[in-house]
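> One structure coming up, written as structure tokens, with questions to follow.
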Amino acid sequence: MTATRQKVRKAIIFCLFLTFPVIMNYFSPALIAMGASEGVINGSLLLFGLLFVSALFLGRGFCGWVCPIGGLQEACFMVKDKRLTGKKIDWIKWVMWGPWIGLLVFLVIKAGGFRSIMPLYLMENGISVYEPTGYINFFLVLMVIVLLAFSVGRRTFCHTTCWIAPFMILGRKLRNIFRWPSLRLKSEKEKCTSCMKCTKSCPMSLDVNDMVQREKMENTECILCGTCIDVCPEDVISYSFSAWK
């Protein structure tokens, strides 16, 4: 079961990455800004909003199980698997996200508010890359993701550049404030032998063993992929759909 679950998870995100030329614009912060300047709620903004809502109950499960960009980053593991070490870099995405949100608010106010909903805004037949020039942006995005993965480490894009992650992190924090049942990890510290397999295998380079020892399995960068669950020989970690304590 454990090996099968990770094979299924990776197959899903790898296959979704293959569809990225079709769905890329649904993940575009630039397209959201362009739509906001015209008072349009586009497909990207709708998706970001839905992912915020999903985080209220599923945390960042999208990142671990469905994200096509995650699929590319984990494919990079097969070429160069480098854990993130050193100083914490998660703050970088917030430095970009804050001004971007401010820009969106300004553009919406300037446009007189949102006036229409266009899920396929600037997408021919719902396809993101439908002309040769579109592949320039497509390959630039891929280049940034791959270079970050190879030069800095595992899923660096998720830690530093992803515009969607803050929406889900905020949704997760809101969930914890109200303490309603949601998907999370739980652990049994007394069974742990500190073999460190969970920490070594974590795609987000989290110190999972330390989380177990502190009996605090909550981490804003956890994507609930279940890798730590499946590599643990003592079944210390498991999924739970419960309220945060």
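> Could you list all residues from segment 67-87 that are among the aliphatic types (A, V, I, L, M), in contact with a Phe, Trp or Tyr (Cβ under 6 Å, 6 or more places away or on another chain) and over 16 Å from residue 9 (Cα atoms)? Walk me through how you get there before you give the answer.
Going residue by residue through segment 67-87, those that are among the aliphatic types (A, V, I, L, M) are 69, 72, 75, 78-79, 84.
Filter again for in contact with a Phe, Trp or Tyr (Cβ under 6 Å, 6 or more places away or on another chain), leaving 72.
Those that are among the aliphatic types (A, V, I, L, M), in contact with a Phe, Trp or Tyr (Cβ under 6 Å, 6 or more places away or on another chain) and over 16 Å from residue 9 (Cα atoms): none in segment 67-87.
> Do we find that residue 179 is at pLDDT 95 or above and not polar (S, T, N, Q) in this structure? Walk me through it before giving the result.
On the way: at pLDDT 95 or above: no; not polar (S, T, N, Q): yes.
In short, no.
> Quick one: residue 73 ticks every box in (1) out of contact with any helix residue (DSSP H, G or I) (no Cβ under 7 Å at 6 or more places or on another chain); (2) over 21 Å from residue 174 (Cα atoms) bar one, so which box is it?
The one condition residue 73 does not meet is (1).
> Follow-up question, since we're still on this one. Among the residues that make up segment 67-78, is at least one of them at pLDDT below 95, over 14 Å from the mean Cα position of the chain (by Cα) and part of a loop (DSSP other than H, G, I, E, B)?
yes
> Now for a separate question. Quick one: which residue in 70, 43, 39, 64 is in contact (Cβ under 8 Å) with a residue 40 or more places away in the chain and touching a strand residue (DSSP E or B) at 6+ places or on another chain (Cβ under 7 Å)?
Values: 70 fails: touching a strand residue (DSSP E or B) at 6+ places or on another chain (Cβ under 7 Å); 43 fails: touching a strand residue (DSSP E or B) at 6+ places or on another chain (Cβ under 7 Å); 64 fails: touching a strand residue (DSSP E or B) at 6+ places or on another chain (Cβ under 7 Å).
Selected residue: 39, the only one of 70, 43, 39, 64 that is in contact (Cβ under 8 Å) with a residue 40 or more places away in the chain and touching a strand residue (DSSP E or B) at 6+ places or on another chain (Cβ under 7 Å).
> Name the residue, out of 158, 198, 162, that is under 17 Å from residue 222 (Cα atoms), in contact (Cβ under 8 Å) with a residue 12 or more places away in the chain and touching a Gly at 6+ places or on another chain (Cβ under 9 Å). First the steps, then the outcome.
On the way: 198 fails: touching a Gly at 6+ places or on another chain (Cβ under 9 Å); 162 fails: touching a Gly at 6+ places or on another chain (Cβ under 9 Å).
Criteria check complete, one pass: 158.
> Another question, then. Quickly run through segment 114-147 and pick out the residues that are more than 21 Å from residue 69 (Cα to Cα), of a type outside the set (Gly, Ala, Ser) and not in a loop (DSSP other than H, G, I, E, B).
117, 118, 124
Let's see how each residue does on (1) outside the structural domain of residue 31 (by TED's automatic domain parsing); (2) over 30 Å from residue 213 (Cα atoms); (3) assigned to a loop (DSSP other than H, G, I, E, B); (4) touching a Ser or Thr at 6+ places or on another chain (Cβ under 7 Å):
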| position | (1), (2), (3), (4) |
| --- | --- |
| 84 | no, no, yes, yes |
| 101 | no, yes, no, no |
| 149 | no, no, no, yes |
| 159 | no, no, no, no |
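> From (1) at pLDDT 95 or above; (2) out of contact with any helix residue (DSSP H, G or I) (no Cβ under 9 Å at 6 or more places or on another chain), pick out the condition that doesn't hold for residue 86.
(1)
> Does residue 141 fit the bill of being surrounded by 15 or more Cβ atoms within 10 Å (Cβ to Cβ), in contact with a helix residue (DSSP H, G or I) (Cβ under 9 Å, 6 or more places away or on another chain) and either among the β-branched types (Val, Ile, Thr) or under 19 Å from residue 222 (Cβ atoms) (or both)? Walk me through how you get there before you give the answer.
Numbers: surrounded by 15 or more Cβ atoms within 10 Å (Cβ to Cβ): yes; in contact with a helix residue (DSSP H, G or I) (Cβ under 9 Å, 6 or more places away or on another chain): yes; either among the β-branched types (Val, Ile, Thr) or under 19 Å from residue 222 (Cβ atoms) (or both): yes.
Yes; evaluated as a whole, the condition is true for this residue.
> Quick check: anything in segment 110-132 without any contact (Cβ under 8 Å) to a residue 12 or more places away in the chain and on the phi > 0 side of the Ramachandran plot? Let's see the steps before the verdict.
First pass over segment 110-132, keeping only residues without any contact (Cβ under 8 Å) to a residue 12 or more places away in the chain: 124-125, 130-132.
Restricting the remaining residues to those that are on the phi > 0 side of the Ramachandran plot gives 125.
Looking through segment 110-132, at least one residue is without any contact (Cβ under 8 Å) to a residue 12 or more places away in the chain and on the phi > 0 side of the Ramachandran plot.
Every residue, every condition in (1) closer than 21 Å to residue 81 by Cα; (2) surrounded by 14 or more Cβ atoms within 10 Å (Cβ to Cβ); (3) hydrophobic (A, V, I, L, M, F, W, C), yes or no:
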{"residue": "171", "(1), (2), (3)": "no, yes, no"}
{"residue": "187", "(1), (2), (3)": "no, yes, no"}
{"residue": "191", "(1), (2), (3)": "no, no, no"}
{"residue": "202", "(1), (2), (3)": "yes, yes, yes"}
{"residue": "205", "(1), (2), (3)": "yes, yes, no"}
{"residue": "209", "(1), (2), (3)": "yes, yes, no"}
{"residue": "212", "(1), (2), (3)": "no, yes, yes"}
{"residue": "217", "(1), (2), (3)": "no, yes, yes"}
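The values are calculated or read from the model by the stated rules, or taken from the named source; none is laboratory data. These figures come from a predicted structure and were not determined experimentally. When we count neighbours, we look across all protein chains shown, and the Cβ atoms used for this are built from the backbone with ideal geometry, even at glycine.
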